[in-house]
1. Can you give me the number of residues within segment 129-158 that are part of a loop (DSSP other than H, G, I, E, B) and either under 21 Å from L9 (Cα atoms) or touching a Ser or Thr at 6+ places or on another chain (Cβ under 7 Å) (or both)?
2. Could you go through segment 179-190 and let me know if any residue there is surrounded by 14 or more Cβ atoms within 10 Å (Cβ to Cβ), over 18 Å from N90 (Cα atoms) and small (G, A, S).
3. Check off (1) in contact with a Lys or Arg (Cβ under 9 Å, 6 or more places away or on another chain); (2) over 20 Å from K216 (Cα atoms); (3) within 12 Å of the ligand (Cβ to nearest atom) for V140 and give me the number that stays unchecked.
4. For residues in segment 219-234 being touching a helix residue (DSSP H, G or I) at 6+ places or on another chain (Cβ under 8 Å) and surrounded by fewer than 18 Cβ atoms within 10 Å (Cβ to Cβ), which is nearest to V84 (Cα to Cα)?
5. Checking R37 against (1) more than 10 Å from the ligand (Cβ to nearest atom); (2) surrounded by fewer than 21 Cβ atoms within 10 Å (Cβ to Cβ); (3) among the charged types (D, E, K, R), which test does it fail?
6. So K216 fits all but one of (1) over 20 Å from S157 (Cα atoms); (2) among the basic types (K, R); (3) free of Cβ contacts under 8 Å to residues at least 12 places away in the same chain; (4) part of a helix (DSSP H, G or I); what number is the exception?
7. Scanning segment 117-131 for residues that are free of Cβ contacts under 8 Å to residues at least 60 places away in the same chain and within 14 Å of K171 (Cβ to Cβ), which turns out surrounded by the fewest Cβ atoms within 10 Å (Cβ to Cβ)?
8. So R23 fits all but one of (1) surrounded by fewer than 19 Cβ atoms within 10 Å (Cβ to Cβ); (2) within 16 Å of the ligand (Cβ to nearest atom); (3) touching a residue at least 40 places away in the same chain (Cβ under 8 Å); (4) of a type in the set (K, R); what number is the exception?
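FYI, it's all coordinate maths here, none of it is from the lab. The structure displayed is predicted, hence computed values, not measured ones. We place every Cβ from the backbone using ideal geometry, glycine too, and count neighbours over all the protein chains shown.
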Amino acid sequence: MKAPVQIVLLTGGSSGIGAATARILSRSGMTVYAGSRRGTLPEGNQGPEDISRLIPVRLDVNDAETLKAAVERIVREQGRLDAVICNAGNGIAGAIEETDEQEARAQMETCFFGAVKTIQACLPVFRTQGHGRIITVSSVAALIPIPYQAFYSAVKSALLTLTEALSLEVKPFGIQCCSILPGDTKTGFTNARKYTEASQDKESPYYERMSASVGKMERDEQHGMAPEVMGRAILRQLKKRRMSVTVTPRIDYRLIGLLSHWLPDRLVLWIVGLLY
Ligand SMILES: NC(=O)c1ccc[n+]([C@@H]2O[C@H](COP(=O)([O-])OP(=O)(O)OC[C@H]3O[C@@H](n4cnc5c(N)ncnc54)[C@H](OP(=O)(O)O)[C@@H]3O)[C@@H](O)[C@H]2O)c1
């Protein structure tokens, strides 16, 4: 694509990584439609010139109609859509045995099918234009299996694989795909995490280990990277002529990703077990 990216739809734009990304993209001159269920402006400081390029949109990634309406509105107002960032997400915690099907499906709905629905709403526009960029926000947890957040890990892994396969399917239409894999990042994600109902029972055989493991993960998140680190990584990809297919911001997380490929699975699981 020769023309620079100007018009962006971003989901999960009210808070955390999405909010930081929306501000950073708008400051670089892009117009960002920031979608969320709250439908509020991205949290954090906005200058007056940011606000003219930050457009809050109420949408729910679990509701295809709201996504379709958002895309139609953008095309009506701007005449084009250059990029979509599928960032909306949340996490559930609990032992696999103590996660009922509905709880597991809810995780899959928002973090996987939510991104799929968002992508499907944008693809007809991208194909007609002959250009478009799709960025999904996966996680380092896609590469490293995390105990007591197994469904989250599995869903982020599925999203990463989907993005890679998609990049092959849509390349002939001039569409590029990229998946960002954040490590621990200090956002509202920690507070928004849901615990499965059964895992909150203190009599559960998993309770103590799960509480200690997820407690450590939550402390790591709250001492983690600023969400702006992800926003800047996303901006760099949108400015590149050809996006990378996967991007893991920060050298230490990149190294973790590489080691997870190189080391034997048993060793990787042993290290993860020591950590959590
Ligand atoms: N924080 C981390 O350590 C970390 C690490 C790896 C990956 N990630 C990923 O990064 C992404 C952003 O998370 P975050 O850390 O920035 O968390 P966050 O601060 O909780 O932000 C999540 C965003 O998603 C939106 N959202 C949730 N469900 C939605 C739905 N059904 N429809 C539309 N919007 C929805 C929320 O807005 P509303 O509530 O207003 O809808 C909010 O704007 C997620 O996909 C997460 O899995 C985070």
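1. Pass one, segment 129-158, residues part of a loop (DSSP other than H, G, I, E, B): 130-131, 138-139, 143-149.
In the following step, the residues that additionally are either under 21 Å from L9 (Cα atoms) or touching a Ser or Thr at 6+ places or on another chain (Cβ under 7 Å) (or both) were identified as 130-131, 138-139, 143-148.
Result for segment 129-158: 10.
2. Filtering segment 179-190 for residues surrounded by 14 or more Cβ atoms within 10 Å (Cβ to Cβ) gives 179-190.
With over 18 Å from N90 (Cα atoms) added as a condition, the list becomes none.
No.
3. Status for V140: all satisfied but (2).
4. Keep residues of segment 219-234 that are touching a helix residue (DSSP H, G or I) at 6+ places or on another chain (Cβ under 8 Å), which gives 221-222, 226-228, 230-232, 234.
Still in the running and surrounded by fewer than 18 Cβ atoms within 10 Å (Cβ to Cβ): 222, 226, 228, 232.
On the way: Q222: 27, A226: 22, E228: 18, R232: 16 Å.
That would be R232.
5. Unmet for R37, out of (1) more than 10 Å from the ligand (Cβ to nearest atom); (2) surrounded by fewer than 21 Cβ atoms within 10 Å (Cβ to Cβ); (3) among the charged types (D, E, K, R): (1).
6. (3)
7. Narrowing segment 117-131 to residues free of Cβ contacts under 8 Å to residues at least 60 places away in the same chain: 117, 119-121, 123-130.
Subset that is within 14 Å of K171 (Cβ to Cβ): 123, 126-127, 130.
On the way: L123: 19, F126: 24, R127: 15, G130: 10.
Filtering segment 117-131 for residues that are free of Cβ contacts under 8 Å to residues at least 60 places away in the same chain and within 14 Å of K171 (Cβ to Cβ), the one surrounded by the fewest Cβ atoms within 10 Å (Cβ to Cβ) comes out as G130.
8. Condition not satisfied by R23: (1).
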